[in-house]
1. If N is the number of residues in chain B, what value comes out of its Cα radius of gyration divided by 2.2 N^0.38 Å?
2. Counting each pair of different Cα atoms once, what's the Kirkwood radius of the range A:241-328 in Å, rounded to one decimal?
3. Could you let me know the centre-to-centre spacing of the range B:293-327 and the range B:202-217, using Cα atoms, in angstrom?
4. Using the scaling law 2.2 N^0.38 Å as the reference, what is the normalised Cα Rg of the range A:178-257?
5. Could you give the nm distance between label points at residue A:199 and residue A:11, where each point is 7 Å from its Cα heading toward the beta carbon?
6. Let me have the relative contact order for the range A:3-138, percent, based on Cα pairs under 8 Å that are six or more residues apart.
7. Using only Cα atoms, tell me the angle between helix B:151-164 and the longest principal axis of chain B; keep it within 0 to 90° and round to the nearest 10.
8. Against the longest principal axis of chain B, how steep is helix B:277-289, in degrees 0 to 90 to the nearest 10, with axes from Cα atoms?
């Protein structure tokens, strides 16, 4: 794979990896506690807070950006992404069910094993994603026009926030607070203990997506061409749906509904690498997603002592970039409709 | 079809008792058709007549309602999806949005059935892609972003992708609808090259009768009532019932009447002795197009025809024979 890479693309990858490392070091050093490796407090802070935070940001950014790319190819819609299509709202609904809704579960037992609680949260989030994805796929056979899909995503978001509101009304204050904090989006909440779950699931999802680069390329041509080229559409689409649900469900359950990253990064990667080839785009999107996530984390730590919420930064940063991309090419704009 | 390429040739594509359509609502019933290597078959008919449905059925994209289609004696439904992709390639009317794909990358997609797990191109793949680039003369486009091309250029690149799949049978759904006249002529030359030099079988749908006459060896016309007629395109003109309809459809050859009455087709020396200029031109075209299918031995024939009367063929040492259709002339000349 690497030997096929042209020199300029190789240099781009190198630059991206270097900036990723620089940003990671910056986020590791910067913070309310001064950085001093001789101080045992620094070591503790690094181990308990900053290293998990950096690893979470990197993997969450990579996973969201990858699921965005998978969705854009799956639905042949350049505006698709886990947030825009309401997939993350499905995940929120799953989490809300787990935190607010499932009162009949034997909580006294579950609370004794934090891993059970963690996994329950993650799986309900993934199931929420999956249900929205299957709904979208089912409906996408029956609609034409790329905007309608996005409107459906919007509708799903409204429906889930409606359901979440109903559940909130019936919930206790402490449950509500933990759900509210979760819904703000943050890379800080993955503890050192949870990290192993987060790393193993996200790495598995990312590795599996890399294996799909050849079928993803042919899928760009549309189902009919892909089928006549010898691709088994059903298999690959099922794989894509599960992968997207795993990636964005995992990230959303750990970090909350992080906005815009998924739809934005694939566009950036296409512009930077000037290609539509998933063999290059997939790794590019992963590294770039990690960079954007770390960058917003770094920006949020700069505004100390009031750390800005992640979604505020991503919204302010992501939205204008997306608008510029969309407005620049009038011809493509027509194709989006 | 009623003519054979040579006596030993078996049809590559054999359609028998085929009914097609969607959800038990047949558009076309009981279709029988054979097609050979090196043959260009046009499917004509008005919108909604089922042209596209037929092509999609032949491409295995929708299942037939009944009947069978077989390729080299094997039924379409028995092919594995990858095996099928090595036999039949398609060009559809839909325009995919290719998200910043480079033209070269689009062409490489045609190699999908042949490349390894990662899709890396080998030297054979590169050669085939370069051949297609040269044939279609798109050297200037290969590094451009597909989404920024004009409709005509996109069409060409998509055709290129179909050709890099390098299959014996090529199915094209209305390939000329986005092309202007010079591009159409270029496309026509490419079709002829692929059929004649590369021995490909090409099936395409079109509305353009003039184009069909120039390019096709055989023609399937599907009427609005689901009835169909198959034959040589020239014979559609000699058939009085269809003649007027065809003239209304733009079946026009009044220009470019410029050849001698005596010419060579295959190994045969043929003299045309016709009353009507248009009929003579059509007969010339029909023979010229199929020259490769005719006997290679030296022989000479005189074909004569009065208006509204059958053809008369006379060969050296052979008494004259009455013939009604151009397709029968070809059959006669390739067997006698």
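A short reminder: the numbers here are calculations on the coordinates, not readings from a lab. All values derive from a computational prediction rather than experimental measurement. Cβ placement follows ideal geometry from the backbone for every residue including glycine, while neighbour counts extend to all protein chains displayed.
1. Values: Rg = 20.9 Å, N = 336, 2.2 N^0.38 = 20.1 Å.
Here the answer is 1.04, to two decimals.
2. On the way: mean 1/r = 0.0711 Å⁻¹.
In the range A:241-328 this quantity evaluates to 14.1 Å.
3. So the separation of the two Cα centres works out to 25 Å.
4. Working: Rg = 16.4 Å, N = 80, 2.2 N^0.38 = 11.6 Å.
So the range A:178-257 has a normalised radius of gyration of 1.41.
5. For residue A:199 paired with residue A:11, the spin-label model returns 3.4 nm.
6. 18
7. Taking the Cα atoms of chain B, the angle to B:151-164 is about 90 degrees.
8. Result, in degrees: 50.
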